[in-house]
């Protein structure tokens with residue numbers, strides 16, 4: 001009888017510890033430098049190089065087990081790229097004017113988005129001071145503002161009107177680590193790959209999507 005009671009007590013303690021772990025939250029902030037560029041499904045438009053941007057925001061993890069969590073957050077995300085017209089002209093419309101873009105000419109776009117990621121995070125046990133992780137998920141981005149550049153027409157950071165989609169969806173895959181500073185605090189580092197699932201530019205007869213590679217730098221509280 002005493003053995004059964006002891007076994008039951010140990011089981012309840014282990015279950016309680018597991019429930020405590022499963023109820024943990026983790027919050028952090030990050031500033032991620034990144035390169036982003038366009039991907040085209042047609043030869044009518046040629047992706048012509050990346051642009052530099054930042055993804056700034058916060059992340060929140062809800063652990064449903066000791067090393068597994070639902071992951072989300074919110075950020076201001078700057079993305080863009082260069083695109084060259086290969087087979088037809090294009091009319092670029094900004095709040096400052098309307099410009100005819102010739103075949104072979106390049107347009108640079110850069111936009112700010114409000115990005116909401118949702119996914120899963122998987123962590124290793126702590127190794128020394130570092131816990132390594134991988135995450136995967138999808139993101140929705142709503143456009144805040146967009147700018148365009150074109151050297152031929154002397155377009156320099158003019159606000160676009162109809163060229164960029166109002167928003168887009170993407171998926172992300174990342175790996176990294178959390179270097180413990182003591183307690184729950186840690187330095188966050190890693191890399192993240194993002195690939196667009198829906199179009200980001202409203203160019204005719206095409207699906208132009210966004211791709212990016214970012215260096216994750218942040219702090220977990």
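Quick notes on this structure:
- Number of the condition not met by residue 161 [criteria: (1) more than 24 Å from residue 55 (Cβ to Cβ); (2) at pLDDT 95 or above]: (2)
- Residue in the range 134-147 that is more than 26 Å from residue 51 (Cβ to Cβ) and either within 17 Å of the chain's Cα centre (by Cα) or surrounded by 13 or more Cβ atoms within 10 Å (Cβ to Cβ) (or both) present: yes
- Residues in the range 114-130 that are buried (at least 18 other Cβ atoms within 10 Å of the Cβ) and over 20 Å from residue 74 (Cα atoms): 123 alone.
- Scanning the range 160-185 for residues that are touching a residue at least 60 places away in the same chain (Cβ under 8 Å) and either surrounded by 15 or more Cβ atoms within 10 Å (Cβ to Cβ) or within 23 Å of the chain's Cα centre (by Cα) (or both) yields 160, 163.
- Of all the listed residues (107, 101), the sole one being surrounded by 14 or more Cβ atoms within 10 Å (Cβ to Cβ), in contact with a strand residue (DSSP E or B) (Cβ under 7 Å, 6 or more places away or on another chain), at pLDDT 95 or above and closer than 29 Å to residue 32 by Cα is 107.
- Candidates in the range 78-98 are the residues that are within 29 Å of the chain's Cα centre (by Cα) and farther than 30 Å from residue 133 by Cα; of these, the one that is surrounded by the most Cβ atoms within 10 Å (Cβ to Cβ) is 83.
- Scanning the range 50-66 for residues that are exposed (fewer than 14 other Cβ atoms within 10 Å of the Cβ) and over 15 Å from the mean Cα position of the chain (by Cα) yields 64, 65.
The values are calculated or read from the model by the stated rules, or taken from the named source; none is laboratory data. Given the structure is predicted, the values throughout are model-derived calculations rather than measurements. When we count neighbours, we look across all protein chains shown, and the Cβ atoms used for this are built from the backbone with ideal geometry, even at glycine.
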